[in-house]
Structure formats: C-alpha cells, structure tokens
Amino acid sequence: MSNNLLILFGTETGNAEDLAFDAGKLASDFDLESEVKGMDEVSLDDVTSCGKLMIVCSTWGEGDQPDNAQDLFDEVSESDDGCMSDVSFAVLALGDTAFEMFCQSGKEWDQIIEKKGGSRVYDRIDCDTDYEDEAEEWIESALKALQSS
C-alpha cells in the first residue's frame, strides 16, 4: 500500500491553493508523502496513477471550473471508464451560497472521479465563504481515511 498522496487544487483567488498546502503540511502527521500541485501542473497519467488523491477546488463564476482546472477536467472527462480504478480520493469543494451553482466544480470532480472508477474514501464537503474551521476538520478526517485506504 502506497503512502504517496497527490493533492490537487483548482483556484482563481488562492483559497483552494492555501487549503491544499495546509493539507500537504498535515499529511506527514498521517504518514503520507504528499505532493501539492495546481491542476494545470499535472497530466492525466499523474492523476490516474497517483493511488491517493485529494482534490481542493473552488467554483468560479456561475458554476465554472477555475481556469487552472478546466483542461484537466476535460481530459479526465474524456478518458476511459475505469482509468481511476486504482485511485482512492476525497474532494473538498469551495463555493459561495450566494451563487445558484454552489460548489459546482467540486461536485463535478467528485462525480467524474467516481464515474471513472475511483474509490471515494471520505465524503465531499461543500464549504461556503466562511470555511476555515470546517475545512480544517474535514482535511484531518480525509487524511486519516486516505492513510488507511
């Protein structure tokens, strides 16, 4: 069982990136070797072969993927069914309840990874603008679940 964890962030304003790096720092407490990357810094192969994956993604505009996430999302969407069958994952979604498509990008990541065969090891959390405490608790619980996956 690998203890490597890929933490990917999709962000426009930096909030998801900050949380991803926070998760990366905490990962060592759970004996996980983490690598934190923007979604525009990895390939489809990186994602399908990572073993353990945490996604931290904000929603942009009216439910759109952040600019740095769109290409990877399209690649994953067009990939073969089952390509994520060796991936254990958890998704943290950031959004703003003032918008109709609250946390839409994170919901889409959660759905597409499962559709492609990934195993969700911890339920997605949908965070509003005041997310710090809730996100911190989720990150610790998700890391614990990923550790034993």
- In terms of the ratio Rg/(2.2 N^0.38 Å) built on C-alpha atoms, what value belongs to the stretch 83-145? 1.15
- For the chain, compute Rh as the Kirkwood radius over C-alpha pairs and then the Stokes-Einstein diffusion coefficient at 20 °C and 1.002 mPa s; write the answer in µm²/s, rounded to an integer. 145 µm²/s
- Of ASP126, ASP74, ASP18, which has the largest mean-square fluctuation in a 10 Å C-alpha GNM of the chain? ASP74
- Item | Set LYS116/LYS144; LYS37/LYS115; LYS25/LYS116; LYS52/LYS116; LYS115/LYS144 screened for pairs whose C-alpha atoms are more than 21 Å apart | LYS116/LYS144; LYS37/LYS115; LYS25/LYS116; LYS115/LYS144
- What is the extension gain from LYS144 to SER77, computed as 0.36 nm multiplied by their sequence separation minus the C-alpha to C-alpha distance, in nm to one decimal? 21.3 nm
- Please give the length that would be gained between ASP40 and THR129 if that part of the chain were fully extended, namely 0.36 nm times their separation in residues minus their C-alpha to C-alpha distance (nm, one decimal). 29.7 nm
- Query: Arranged by the count of other C-beta atoms within 10 angstrom, fewest first, what order do LYS116, LYS25, LYS37, LYS52 take?
  - Reply: LYS25, LYS37, LYS116, LYS52
- Task: Only bridges with both residues in the chain count here: give the DSSP antiparallel percent, nearest 5.
- Result: 5 percent
- Message: Give me the net charge for the shell around SER79: Cβ to Cβ below 12 angstrom, other residues only, Lys and Arg +1, Asp and Glu -1.
- Response: -4
- Förster radius 22 Å - calculated FRET efficiency between PHE21 and SER119, Cβ distance, rounded to 0.05: 0.35
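No lab work stands behind these numbers, since they all come straight from the coordinates. None of these values were measured; they are calculated from a predicted model. Virtual Cβ from ideal backbone geometry, glycine too; neighbours counted across all protein chains shown.
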